[in-house]
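The values are calculated or read from the model by the stated rules, or taken from the named source; none is laboratory data. Every value quoted in this text rests on a predicted model; they were computed, and no experiment measured them. When we count neighbours, we look across all protein chains shown, and the Cβ atoms used for this are built from the backbone with ideal geometry, even at glycine. The accessibility values were calculated without ligands, DNA or RNA, using every heavy atom of the protein model including side chains. Shrake-Rupley method; radii C 1.70, N 1.55, O 1.52, S 1.80 Å.
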Amino acid sequence: MELASYADFAVRLVNTEEPERGRDALTSVDAVRTLFGSPSRAAALADESDLPRLRAVRTRLRGVFEAAAENDEIRAVDLLNSLMVEYPVSPLVSGHDYLDEAGRPRWHLHLADNAATATANFTAVACMGLAIHLTQLGADRLGICQAQPCRNAYLDTSTNRSRRYCSDRCATRANVAAYRARKREEAARTALAAHAQG
């Protein structure tokens, strides 16, 4: 797996909370396990103690995305670095489950499989992926959805650095809201002009 793709772990964690709507999906051990995307040793380590720890990491990761969205690259990098110091990767070369045509292991890198907790594993992997994404593509590729009230994090992978929304649904909702606002303004101007003439 390409290491930069682990940045999606950070997005998944941040988006378990919708602060503007008062929603939090990170409420159970099963929710923690779901974050990993597939069964793994690290997901199996998840227990109740991971809930508050991952919520704290989530808040800090949201800060990285918000700083980047506000064009404060230094703060975004400082926040990310502090997480990486606290949750370091401990890479291991592995060949499990992947065999080539000759039956030999297909060696690949695991970033934190020997971490002591699910939180430590998930955070190390998410932060490393985010760091790779940021250093390869730039801090301006981390964003917070501009559709209100959505505040989801996203990774901008567009060719022209133009992404402003976390999903097509939010983009459509924002465009419809802007269209309706323009129509209301036009109607108000027309009514004002008619009143002034009458």
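Consider segment 149-191 and keep the residues that are aromatic (Phe, Trp, Tyr) and in contact with a helix residue (DSSP H, G or I) (Cβ under 7 Å, 6 or more places away or on another chain). The one that is nearest to Glu17 (Cα to Cα) is Tyr154.
Let's see how each residue does on (1) in contact with an Asp or Glu (Cβ under 9 Å, 6 or more places away or on another chain); (2) exposed (fewer than 10 other Cβ atoms within 10 Å of the Cβ); (3) modelled with pLDDT under 80; (4) in a loop (DSSP other than H, G, I, E, B):
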| position | (1), (2), (3), (4) |
| --- | --- |
| Ala124 | no, no, no, no |
| Met128 | no, no, no, no |
| Ala131 | no, no, no, no |
| Tyr154 | no, no, no, no |
| Tyr165 | no, no, no, yes |
| Arg169 | no, no, no, no |
| Ala178 | no, no, yes, no |
| Arg189 | no, no, yes, no |
| His195 | no, yes, yes, no |
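So that you can scan it fast, the table gives a plain yes or no per residue for (1) surrounded by 18 or more Cβ atoms within 10 Å (Cβ to Cβ); (2) more than 20 Å from Ala115 (Cα to Cα):
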position: Asp8; (1), (2): no, no
position: Ser28; (1), (2): no, yes
position: Arg55; (1), (2): no, no
position: Gly63; (1), (2): yes, yes
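For segment 82-96, does any single residue satisfy the condition of being under 16 Å from Val11 (Cβ atoms) and either free of Cβ contacts under 8 Å to residues at least 60 places away in the same chain or surrounded by 11 or more Cβ atoms within 10 Å (Cβ to Cβ) (or both)?
yes
Checked against the criterion of being open to solvent by less than 50 Å² (accessible area, probe 1.4 Å), touching an Asp or Glu at 6+ places or on another chain (Cβ under 8 Å) and modelled with pLDDT of 95 or more, the candidates Ala42, Ala68 yield just one match: Ala68.
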